[in-house]
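Visitor: This is the structure I have questions about; it appears just below.
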Amino acid sequence: MENMQAGYLPDLLRGNTDILLLSLIDEMGSTYGYQMIKEIEKRSRGFLQCKEGTIYPALRKLENDGLTKGEWRELPNGQRRRYYQVTTSGQTMLAKKLAIWQDFTTAVNLVFKPVNT
Amino acid sequence: MLTEVISYLHQIKSHLRLDPTTEKQIMGELYTHFQEKVAEQQRSGINEKEASQEAIKSFGQAKTIARLFYEAHSKGSWIDAIMTGLPHLMVAFLFASHLWHHYILAPLVFILIVSITLFGWWRGKPGWLYSWIGYSLFPLLLVGYISRSIPGQTISFLFWGEGVLPSLWVLLLVVGSYILFAWIIVRTTIRVVKRDWILGSLMLVPLPILGCWLYNIEQSGSIFITNGMVMHQWDGIMAFALLTLGISSIVFIRLRQRIVKFIALAIFGSITFTIVAYNLWGDIGFFSVITLTALMLLYLLIPALLESRVGHGEKVSDNWWQDMQINYPSTTT
């Protein structure tokens, strides 16, 4: 079971990292990599634990695809962080992907537990 | 920040193979991640060494992370793709319109190519630059090739007492030019390979094709002969070959994975080279086709071999983390 989880769960996560990050950035308005990593772990109650290093390339890809916009901000203590915001095309893409995700989960649940008509 | 983290970030940087500006941005972002992660762990009572080790462990394998970053950045925009294909298309146009011999238009095209190359080189070496560099090096090879008779005459005179010794000034000029051209070509290739050897392959791909054509033209007389029939008989195939290379460069820029990029370049480059050789030299036989394909593949792998000797990245990158400490001061200090 553990072996299965070790392979299946990362695959599921890898295929949905984009939608997870987009949704999180959209909801939080403006956020940065480390905060997102902690937020994903917190909201999923520790279930979704991806390698932290994979989040940053995914954020870069979203930015290069024009779905998010990144900018450096300087904090009062002099530290700099790269914050991300969802662009208009990112919001459109997120809405489409969320709709597909909802349909997909509904369909999968129907297969697992068919509704007797 | 502990040396373990610096060394780990250095490992990621050494596998990135992106443009220096993007690499700096990435390293800045990762550096701040480790600052925050280590500081947070320390606040929960873990010592700095253990916190650093835990942060590295939860980040993943350096090589894998670098590959993901590469794939996130390696796909150029359509503008990058068109810019990459443009020098191939410009030279293909010269052949298709039989204007490569035009004494104003052909030099103008090459001056434009060299100017755009220099502009790109000084403006941070964008991804589209490398196909332009290849064509910018061609005039050097051309001048070197057509002036080869001068050292040839000298050697013939000195060793066999045949012919006439060229003027000392002419000889010095030619030898000086050879040294300068060789230096430019070697330095440029090393600089490109230090960024990414695969871009070196992209840069070098048109040269054997243009070289074959030049050799054939010279065998039929000279590049300066006025016999149009001989001069332009290979224009069609050259235009086709360079158009194919233009398309392959566009495909190359739009792909994400390194291995797929190289395979695309190797397939297009080998097929084009073999077709050109077949058209220039007639029926060359199956064995020669296989040999030429293998030679082209080996040629495209020269930058990879060179990279294993000269390494990756600019020399200044050894101190990148000191730069990070200045630009991204620690939260704990």
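The values are calculated or read from the model by the stated rules, or taken from the named source; none is laboratory data. This is a predicted model, so every value here is computed, not measured. Using ideal geometry, Cβ is built from the backbone for each residue, glycine included, and neighbour counts are taken over all protein chains shown. For accessibility, only protein heavy atoms count, side chains too; no ligands or nucleic acids. Shrake-Rupley method; radii C 1.70, N 1.55, O 1.52, S 1.80 Å.
Visitor: Roughly how crowded by other chains is peptide B:63-70, in terms of the mean Cβ count from those chains within 10 Å of each of its Cβ atoms? Walk me through the numbers on the way to the answer.
Guide: Values: counts 0, 4, 7, 2, 1, 9, 5, 1.
Taking the mean over all residues of the peptide, I get 4.
Visitor: Moving on. For a quick check of your reading of the filter: which trypsin sites (Lys or Arg not before Pro) in region A:37-100 sit in a DSSP loop and have no more than 12 other Cβ atoms within 10 Å?
Guide: Numbers: sites: A:Lys38, A:Lys42, A:Arg43, A:Arg45, A:Lys51, A:Arg60, A:Lys61, A:Lys69, A:Arg73, A:Arg80, A:Arg81, A:Arg82, A:Lys96, A:Lys97; in loops: A:Arg45, A:Lys51.
Sparse-neighbourhood loop trypsin sites (Lys or Arg not before Pro): A:Arg45.
Visitor: Within straight cross-link reach of A:Lys96, meaning Cα distance under 27 Å, which lysines are found once same-chain residues fewer than 8 apart are removed?
Guide: The reachable lysines, counting only those whose Cα sits under 27 Å from A:Lys96, are A:Lys38, A:Lys42, A:Lys51, A:Lys61, A:Lys69, A:Lys113, B:Lys75.
Visitor: Using a 10 angstrom cutoff on alpha carbons, build the Gaussian network for chain B and name the most mobile of B:Leu16, B:Leu112, B:Leu301.
Guide: Result for chain B, Cα springs under 10 Å: B:Leu112 fluctuates most.
Visitor: Between region B:247-264 and region A:45-117, what is the separation of their alpha carbon centroids in Å?
Guide: Each part reduced to its Cα centre gives a spacing of 28 Å.
Visitor: Going from most exposed to least, what order do A:Val111, B:Val289, B:Val109 have by accessible area with a 1.4 Å probe?
Guide: Numbers: A:Val111 115, B:Val289 45, B:Val109 20 Å².
My answer, sorted largest first, is A:Val111, B:Val289, B:Val109.
Visitor: Right, something else. For region B:77-310, what % of the accessible area comes from carbon and sulfur atoms, probe 1.4 Å?
Guide: Working: 9030 of 11850 Å².
The nonpolar share, carbon plus sulfur, comes to 76 percent.
Visitor: Based solely on C-alpha atoms, express the radius of gyration and the Dmax of region B:77-310 in angstrom.
Guide: Answer for region B:77-310, Rg first and Dmax second: 18.5, 60 Å.
Visitor: Note down the accessible area of B:Ile104, probe 1.4 Å, to the nearest 10 Å².
Guide: Answer for B:Ile104: close to 90 Å² accessible.
Visitor: What is chain A's relative contact order, in percent, from Cα pairs under 8 angstrom and six or more apart in sequence? Write out the running numbers ahead of the final one.
Guide: Values: 91 pairs, mean separation 30.6, N = 117.
26 percent.
Visitor: Interface B/A, total buried accessible area with a 1.4 Å probe, nearest 100 Å²? Before the final figure, lay out each step's value.
Guide: On the way: alone 17640 and 8490 Å², together 23920 Å².
Counting both chains, the buried surface is close to 2200 Å².
Visitor: Quick one: dipole size for chain B, taken about the Cα centre, charges +1 on Lys/Arg Cβ and -1 on Asp/Glu Cβ, in debye to the nearest 20.
Guide: Details: 23 positive and 20 negative charges, 46 e Å.
Computed about the Cα centre, the dipole is about 220 debye.
Visitor: If you don't mind, another one. Which one of A:Thr92, A:Met36, A:Asn64 is farthest out on the positive end of the charge dipole of chain A, using unit charges on Cβ (Lys, Arg +1; Asp, Glu -1) and the Cα centre as origin?
Guide: Checking the options against the dipole of chain A, the answer is A:Met36.
Visitor: A further question on this structure: Which whole-number percent gives the relative contact order of chain B, counting Cα pairs below 8 Å spaced six or more residues apart?
Guide: Numbers: 344 pairs, mean separation 83.4, N = 333.
25 percent.
Visitor: Please tell me the relative contact order of region B:1-52 in percent, rounded to the nearest whole number, where contacts are Cα pairs under 8 Å and at least six residues apart.
Guide: Numbers: 22 pairs, mean separation 22.4, N = 52.
RCO, region B:1-52: 43 percent.
Visitor: Could you calculate, for region B:3-71, the ratio of the Cα radius of gyration to the Kirkwood radius, expressed as Rg to Rh? Intermediate values should be presented prior to the final figure.
Guide: Values: Rg = 12.4 Å, Rh = 12.4 Å.
On the Cα set of region B:3-71, Rg over Rh gives 1.00.
Visitor: With every protein chain present, what is the per residue accessible area of region B:3-71 (1.4 Å probe, Å²)? Kindly include the intermediate steps, with their values, before the conclusion.
Guide: Working: 2930 Å² over 69 residues.
With the other protein chains kept in place, region B:3-71 gives 42 Å² per residue.
Visitor: Same structure, new question: In terms of solvent-accessible area of protein heavy atoms at a 1.4 angstrom probe, what is the ranking of A:Asp18, A:Asp103, A:Asp26, A:Asp11, highest value first? It would help to have the intermediate numbers written out before the result.
Guide: Numbers: A:Asp18 45, A:Asp103 110, A:Asp26 65, A:Asp11 90 Å².
Ranked list, largest accessible area first: A:Asp103, A:Asp11, A:Asp26, A:Asp18.
Visitor: Continuing with the same structure: If you fit an axis through the alpha-carbon atoms of helix B:258-281 and take the longest principal axis of the Cα set of chain B, what angle between them do you get, 0 to 90°, nearest 10?
Guide: On a 0 to 90 degree scale, this one is about 0.
Visitor: Among rounded, prolate and oblate, which fits region B:53-119 when a ≥ b ≥ c are the square roots of the eigenvalues of its C-alpha gyration tensor, a/c under 1.5 means rounded, and a/b larger than b/c means prolate? It would help to have the intermediate numbers written out before the result.
Guide: Numbers: a/c = 5.57, a/b = 3.78, b/c = 1.47.
Taking the square roots of the gyration eigenvalues as a ≥ b ≥ c, region B:53-119 is prolate.
Visitor: Something else: Mind checking Rg over Rh on the protein assembly as shown, alpha carbons, Kirkwood formula for Rh?
Guide: Numbers: Rg = 27.9 Å, Rh = 25.7 Å.
Value, to two decimals: 1.08.
Visitor: Where does region B:12-112 land on Rg(C-alpha)/(2.2 N^0.38 Å)? Numbers along the way, then the final one.
Guide: Details: Rg = 23.9 Å, N = 101, 2.2 N^0.38 = 12.7 Å.
Relative to the rule-of-thumb radius for its length, region B:12-112 sits at 1.88.
Visitor: Which chymotrypsin sites (Phe, Trp or Tyr not before Pro) in region B:85-168 sit in a loop by DSSP (not H, G, I, E or B) and have at most 11 other Cβ atoms within 10 Å of their own Cβ?
Guide: Details: sites: B:Phe93, B:Phe95, B:Trp100, B:Tyr103, B:Phe110, B:Phe119, B:Trp121, B:Trp122, B:Trp128, B:Tyr130, B:Trp132, B:Tyr135, B:Tyr145, B:Phe157, B:Phe159, B:Trp160; in loops: B:Trp100, B:Tyr103, B:Trp128.
Listed in order of number, the matching sites are B:Tyr103.
Visitor: Using Cα springs under 10 Å in a Gaussian network model of chain A, which residue among A:Gly66, A:Gly46, A:Gly78 shows the largest mean-square fluctuation?
Guide: Of the options given, A:Gly78 has the highest mean-square fluctuation.
Visitor: To the nearest 10 square angstrom, what accessible area does B:Ile209 show with a 1.4 Å probe?
Guide: 0
Visitor: Jot down the radius of gyration and Dmax of chain A, Cα atoms only, both in angstrom.
Guide: 16.5, 63
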